[in-house]
Amino acid sequence: DLLPLPAWHHVNFETYKVISGMDSMPILGTKGCPFKCVFCSRTQFNRKPYFRNPLAMVDEIERHYHYFNGRFVFLDDSFTLRRDLVQQFCQEIIRRNLKVDWHANGIRADQIDAATLDLMRDSGCRGFYMGIESGDERVRNELIRKKLTDDTIFKTLKLLNRYNFDVEISFVLGV
């Protein structure tokens, strides 16, 4: 939060959208990931998570709303790592009455709950990306070191079934 936002005023967004093929504005709400999955490109030096102020994130959304017609995507490795901040973010979008569509590109099955999902949906979240990595619990936890049980995954998927989110689940093939 101490660093200035990118110099977006120097970007021609119409050209940027055509060249990049993007239909939503990318935003970072967190940086870093404390988990130690073996396939990750992160080093031990960027595992410490840093979190942006939720109000500053909503300010950024307001500032750039018109460039992508209220469509945003969060490129965080683990958007829901601090549920309290996610809830503050969602509550602020609702409080400001912003009509946005947004996606969280990185959540873990063990880091969501019904209250957070309700707020995410009500604030305009339309979907997210969740890494399961392997359908085999032993491979997932002993080899990949995901530390995510089958029981947790099934409970989360059952919970998600109540919502109309676009959910992408990733698996690492060949482990």
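The values are calculated or read from the model by the stated rules, or taken from the named source; none is laboratory data. From a predicted model like this one, the values you see are computed outputs, not experimental measurements. With ideal geometry, Cβ positions are generated from the backbone for all residues, glycine too; neighbour counts draw on all protein chains shown. Quick note on the areas: whole protein, heavy atoms, side chains included, nothing else; ligands and nucleic acids left out. Shrake-Rupley method; radii C 1.70, N 1.55, O 1.52, S 1.80 Å.
The chain: D in µm²/s via Stokes-Einstein (Kirkwood Rh, Cα pairs, 25 °C, 0.890 mPa s)?
D, rounded to a whole number, is 142 µm²/s.
Quick check for you: which residues of segment 82-104 have the amide N under 20 Å from the point 7 Å beyond the Cα of LEU28 toward its beta carbon?
The answer is 82-83, 85-86, 89, 103-104, whose backbone nitrogens lie closer than 20 Å to the label point.
Under 24 Å between alpha carbons: how many lysine pairs meet that in segment 73-175, if sequence neighbours fewer than 8 apart on the same chain are excluded?
Total qualifying Lys-Lys pairs in segment 73-175 comes to 4.
Just to confirm a number: summing +1 for Lys and Arg and -1 for Asp and Glu over residues other than ASN141 whose beta-carbon lies under 14 angstrom from that of ASN141, what do you get?
Residues near ASN141 contribute 0 overall.
Can you give the accessible area per residue of segment 19-175, in Å², using a 1.4 Å probe?
54
Relative to the longest principal axis of the C-alpha atoms of the chain, give the angle of the C-alpha long axis of helix 54-63, reported between 0 and 90° and rounded to the nearest 10°.
Taking the Cα atoms of the chain, the angle to 54-63 is about 50 degrees.
Quick one: pull the percent of accessible area on the chain belonging to carbon and sulfur, 1.4 Å probe, ligands and nucleic acids left out.
Reported share for carbon and sulfur atoms: 53 percent.
Treating each Cα of segment 13-115 as an identical point scatterer and ignoring solvent, apply the Debye formula and state log10 I(q)/I(0) at q = 0.12, 0.24 Å⁻¹.
Results for segment 13-115 at q = 0.12, 0.24 Å⁻¹ read -0.45, -1.30.
If you average the alpha carbon positions of segment 125-144 and of segment 1-36, how far apart do those two centres end up, in angstrom?
Centre-to-centre (Cα) distance: 26 Å.
Could you give P(r) for segment 113-174, binned at 10 Å from zero, as whole percent values over all Cα-Cα pairs?
20, 47, 26, 6
Check the straight Cα-Cα distances from LYS36 and name the aspartates and glutamates below 19 Å, setting aside those fewer than 8 residues away within the same chain.
Of all the aspartates and glutamates, those that pass the test against LYS36 - Cα under 19 Å, at least 8 places apart if same chain - are ASP76, ASP77, ASP110, GLU133, ASP136, GLU137, GLU142, ASP150.
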